[in-house]
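*Asks:* Handing you a structure now.
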Amino acid sequence: MESFRALVLEKAGDGIRCGFRTIEPAALPPGEVLIEVTHSSLNYKDGLAVTGKGKIARSYPMVPGIDLAGVVRESESPAFAAGDPVLATGWGLGEIQFGGYAELARVPAEKLTPLPNGLDAPRAMALGTAGFTAVLAVQTLEEHGLRPGTGPILVTGATGGVGSLATHLLSKQGHEIVAVTGRTELTPFLEKLGASRILPRQELARTSKPLESEQWAGAVDTVGGEMLTTMLAQMKRAAGVACCGNARGPELHTTVFPFILRGVALLGIDSNWCPTERRVLLWQRLAADVDLDLLDSLTRTVPFSDIPEAAAQIVDGKLHGRTVIAVRDDTPHTAARKS
Ligand SMILES: NC(=O)c1ccc[n+]([C@@H]2O[C@H](COP(=O)([O-])OP(=O)(O)OC[C@H]3O[C@@H](n4cnc5c(N)ncnc54)[C@H](OP(=O)(O)O)[C@@H]3O)[C@@H](O)[C@H]2O)c1
């Protein structure tokens, strides 16, 4: 088998170095399925890993990239055959085993999802972990009892990957979405996704009372910190908050009052280790529910060689929507993908 190109994180003295390398197939980890990776994506976590601003990899050398899509080249598993289109998100890819920023990946069969009908590899990666987290959050809120018509839903980090796709999915279900953003200049983008109202970030990024007036029938929070504290104080009775991320910070200082006086539920969302059965169903739901033209319009595609630059941009909060990595392409093409 041929050697292949990968982005690799390596230890260098006390720090971590990130660079493009040609690596031998023997360096691939164990796993029943060998995949020709055609596309990956860029998530906030990937930005942290590649820039070294967060400790994501648990060992070195490591190929980062928490998402991948491509075609099976060889399989020792009866569940997959050569030529099958597949995707994988999370499952410790890029953390405990080599991830998607490489032309080849070897992955255990139970970590793979068949590409659902209606999605090709670029669009699957336009969704990626962000889209999967968004649909997991929506599904979890619905299982908690969320129904359209019960009041506005708050989405924070609304211009980001998880936030933009959660806004789109919830508005398609008929919910009224209030999109919270630090970039009100992106109001037209958020309205196109289905947001009914835009709330500037400062409205939540403040000291709050233990309980404030009840406003929200549900929430998807991607930022954490005092913004999550404030929204908890404003949830309607028995409402759920899907806690997805910490773009603002990991700390949460609250009181028990939203929980014991209003029955508010803080619902943890973990896309990384979501079981295979639920994962496959949710990918089918994503493929059915997402408007593909809208998805294309919020996606830009960058060549493999641009990963370090794009990683710095996502960590600096300079991107919005989703970024797909064309793993086998080095030609710059930053326009939104057309069907
Ligand atoms: N639980 C899971 O399984 C899971 C899965 C995927 C991601 N995540 C987490 O979810 C978060 C979002 O991920 P993503 O991939 O969507 O990232 P992203 O595309 O970079 O979006 C993050 C958004 O958060 C907002 N933001 C950034 N810095 C902020 C700050 N200091 N204060 C308040 N808001 C800020 C920005 O939106 P505005 O400019 O619109 O305010 C930004 O677009 C990250 O913390 C990520 O690690 C968790």
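The values are calculated or read from the model by the stated rules, or taken from the named source; none is laboratory data. All values derive from a computational prediction rather than experimental measurement. So basically every Cβ, Gly included, is an ideal-geometry build from the backbone, and we count neighbours across all protein chains shown.
*Asks:* Just give me the residues in the stretch 1-20 being under 26 Å from the mean Cα position of the chain (by Cα) and farther than 17 Å from residue 58 by Cα, in sequence order.
*Replies:* Within the stretch 1-20, 5, 6, 19, 20 meet the criteria.
*Asks:* Shifting gears a bit: Report, by residue number, each residue of the stretch 101-118 that is under 15 Å from residue 30 (Cα atoms) and either more than 16 Å from the ligand (Cβ to nearest atom) or assigned to a loop (DSSP other than H, G, I, E, B) (or both).
*Replies:* 104, 105, 106, 107, 108, 109, 110, 112, listed by residue number.
*Asks:* Within 25 Å of residue 179 (Cβ to Cβ), touching a Leu at 6+ places or on another chain (Cβ under 7 Å) and either in contact (Cβ under 8 Å) with a residue 12 or more places away in the chain or of a type in the set (Asp, Glu) (or both): does that describe residue 231?
*Replies:* Yes.
*Asks:* On to the next question. Please pick out the residue among 154, 146 that is in contact with a strand residue (DSSP E or B) (Cβ under 9 Å, 6 or more places away or on another chain) and either surrounded by fewer than 18 Cβ atoms within 10 Å (Cβ to Cβ) or part of a strand (DSSP E or B) (or both).
*Replies:* Of 154, 146, the one residue that is in contact with a strand residue (DSSP E or B) (Cβ under 9 Å, 6 or more places away or on another chain) and either surrounded by fewer than 18 Cβ atoms within 10 Å (Cβ to Cβ) or part of a strand (DSSP E or B) (or both) is 154.
*Asks:* Does any residue of the stretch 55-69 turn out to be in contact (Cβ under 8 Å) with a residue 60 or more places away in the chain and assigned to a loop (DSSP other than H, G, I, E, B)?
*Replies:* Yes, there is a match, as at least one residue in the stretch 55-69 is in contact (Cβ under 8 Å) with a residue 60 or more places away in the chain and assigned to a loop (DSSP other than H, G, I, E, B).
*Asks:* Restricting to the stretch 70-100, count the residues that are in a loop (DSSP other than H, G, I, E, B) and touching a Phe, Trp or Tyr at 6+ places or on another chain (Cβ under 9 Å).
*Replies:* Of the residues in that region, 4 qualify.
*Asks:* Okay, moving on. Please enumerate the residues belonging to the stretch 162-192 that are closer than 21 Å to residue 135 by Cβ, within 11 Å of the ligand (Cβ to nearest atom) and either part of a helix (DSSP H, G or I) or charged (D, E, K, R) (or both).
*Replies:* 162, 163, 164, 165, 166, 167, 189, 190
Every residue, every condition in (1) away from the ligand (no atom under 16 Å from the Cβ); (2) of a type in the set (Gly, Ala, Ser); (3) closer than 24 Å to residue 189 by Cα; (4) in contact (Cβ under 8 Å) with a residue 12 or more places away in the chain, yes or no:
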{"residue": "268", "(1), (2), (3), (4)": "no, yes, no, yes"}
{"residue": "271", "(1), (2), (3), (4)": "no, yes, no, yes"}
{"residue": "279", "(1), (2), (3), (4)": "no, no, no, yes"}
{"residue": "327", "(1), (2), (3), (4)": "yes, no, no, yes"}
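*Asks:* Any residue in the stretch 119-136 that's over 20 Å from residue 156 (Cα atoms) and near the ligand (Cβ under 9 Å from one of its atoms): show its pairings with residues that are modelled with pLDDT of 95 or more and part of a helix (DSSP H, G or I) at Cβ separation under 6 Å, as long as the two are six or more apart or on different chains.
*Replies:* Pairs that qualify, where the first residue is over 20 Å from residue 156 (Cα atoms) and near the ligand (Cβ under 9 Å from one of its atoms) and the partner is modelled with pLDDT of 95 or more and part of a helix (DSSP H, G or I): there are none.
*Asks:* Related question: Any residue in the stretch 242-250 that is touching a Ser or Thr at 6+ places or on another chain (Cβ under 7 Å), part of a strand (DSSP E or B), of a type outside the set (Lys, Arg) and buried (at least 22 other Cβ atoms within 10 Å of the Cβ)?
*Replies:* Scanning the stretch 242-250 turns up at least one residue that is touching a Ser or Thr at 6+ places or on another chain (Cβ under 7 Å), part of a strand (DSSP E or B), of a type outside the set (Lys, Arg) and buried (at least 22 other Cβ atoms within 10 Å of the Cβ).
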